[in-house]
1. Is one or more of the residues making up the range 262-269 loosely packed, with under 14 Cβ neighbours inside 10 Å, under 18 Å from HIS49 (Cα atoms) and not basic (Lys, Arg)?
2. Go through the range 78-111 and count every residue that is over 20 Å from ILE38 (Cβ atoms), in a loop (DSSP other than H, G, I, E, B) and open to solvent by 10 Å² or more (accessible area, probe 1.4 Å).
3. Please go through the range 260-272 and give me each residue that is part of a helix (DSSP H, G or I) and either under 17 Å from VAL80 (Cα atoms) or of a type in the set (Lys, Arg) (or both), ordered by number.
4. Just name the residue that is nearest to GLU155 (Cα to Cα) out of those in the range 173-209 that are aromatic (Phe, Trp, Tyr) and buried (at least 16 other Cβ atoms within 10 Å of the Cβ).
5. Exactly one of these conditions fails for ARG257: (1) assigned to a helix (DSSP H, G or I); (2) of a type outside the set (Ser, Thr, Tyr); (3) under 21 Å from PHE70 (Cα atoms); (4) out of contact with any strand residue (DSSP E or B) (no Cβ under 7 Å at 6 or more places or on another chain). Give me its number.
6. Can you tell me which residue is nearest to GLU95 (Cα to Cα) among those in the range 63-77 that are open to solvent by 20 Å² or more (accessible area, probe 1.4 Å) and in contact (Cβ under 8 Å) with a residue 60 or more places away in the chain?
7. Are any residues in the range 3-19 farther than 27 Å from ILE270 by Cα and either of a type in the set (D, E, K, R) or in contact with a helix residue (DSSP H, G or I) (Cβ under 7 Å, 6 or more places away or on another chain) (or both), and if so, which ones?
8. Going by the structure shown, is THR166 within 24 Å of ILE9 (Cβ to Cβ), surrounded by fewer than 16 Cβ atoms within 10 Å (Cβ to Cβ) and polar (S, T, N, Q)?
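The values are calculated or read from the model by the stated rules, or taken from the named source; none is laboratory data. None of these values were measured; they are calculated from a predicted model. Neighbour counts are summed over all protein chains in view; Cβ atoms, including those assigned to glycine, are modelled from backbone coordinates with ideal geometry. Note: accessible area is taken over every heavy atom of the protein model, side chains too, but ligands, DNA and RNA are not part of it. Shrake-Rupley method; radii C 1.70, N 1.55, O 1.52, S 1.80 Å.
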Amino acid sequence: MAASHKVIITCAVTGSIHTPTMSPHLPISATEIADAAIGAAEAGAAIVHLHARDPKDGRPDQSPEAFAPFLRVITQRAAVVVNITTGGAPTMSIEERVRPAATFKPEVASLNMGSMNFGLYPMLARYKTFKHEWERPYLEDSRERIFKNTFADIEYILTTCAENGTRFEIECYDIGHLYTLAHFADRGVVKPPFFIQSVFGILGGIGPHPEDVMHMRRTADRLFGRATYHWSVLGAGRNQMPIGPGRLAESNAAQVRQARHIIEGLGLEIATPDEARAILGLKGADNVAF
């Protein structure tokens, strides 16, 4: 099968949505994040999407110093494509969020395409107590917190990384975000082929119904033409896939293996990291700063 027809599995290893109370399996320390990323790569992920956390209490940490220890280990032990977040967490400034991608010049960086309500507070009902004092207000304050990604913010990230050869995973949480991508594409600020990550099931964004998925796909086809972009889907939390009723996934690798099982069960093949590089037109691991 030609590489261009293979399926790329991306694994977001720890993210910034979940807090330590939600799962004992959440990677927090640099060692845990590195091991989880390498395990995901060994299971079949071609790309690992990386956030960092404070090892003392697990809160999101967007300092380059938090990323450096696990970036080195991952690239030494796996040939996987590294995607560094510029989303960080909704509590962070845009300057703070872009700093790791600007510092390390990765092959891929994520880029959120619009300001939005980002409701995490329904998770509060699941837990009576929390391991760390920051968790409850982090979730509760999402009732009135806007995840800020203005036109100026988006352009700031694009232009800050413009000379680094970094390509962007364009994260679209709603239909309007596709139109924002079209705006920047029309201006020539971002160029095809686009890597569009459509995100379903975040409270404040588009829902996870199959009709929502098809609506996003049809809109992307109409705006860009199918030949000019690569399509990816992400379902938030339990909207991604059921591992087992009432049972937490114990590792990123387990979720990658489940995705691989579904893909191969459909008669498709997964892409290797080098095939993903060819499909997405990436600069190669030799051209990053870590």
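1. No, the range 262-269 contains no residue that is loosely packed, with under 14 Cβ neighbours inside 10 Å, under 18 Å from HIS49 (Cα atoms) and not basic (Lys, Arg).
2. 5
3. Within the range 260-272, the first condition is being part of a helix (DSSP H, G or I), and the residues that meet it are 260-265.
Scanning the range 260-272 gives a single hit, ARG260.
4. We begin by selecting, within the range 173-209, every residue aromatic (Phe, Trp, Tyr); these are 173, 179, 184, 194-195, 200.
Pick out the ones that are also buried (at least 16 other Cβ atoms within 10 Å of the Cβ) and you get 173, 184, 194-195, 200.
On the way: TYR173: 18, PHE184: 8, PHE194: 16, PHE195: 17, PHE200: 24 Å.
Applying the filter and picking the extreme gives PHE184.
5. With (1) assigned to a helix (DSSP H, G or I); (2) of a type outside the set (Ser, Thr, Tyr); (3) under 21 Å from PHE70 (Cα atoms); (4) out of contact with any strand residue (DSSP E or B) (no Cβ under 7 Å at 6 or more places or on another chain) applied to ARG257, the lone miss is (3).
6. Once the filter is applied, the top-ranked residue is ARG72.
7. Across the range 3-19, the qualifying residue is only THR19.
8. Values: within 24 Å of ILE9 (Cβ to Cβ): yes; surrounded by fewer than 16 Cβ atoms within 10 Å (Cβ to Cβ): no; polar (S, T, N, Q): yes.
So THR166 does not fit the description; no.
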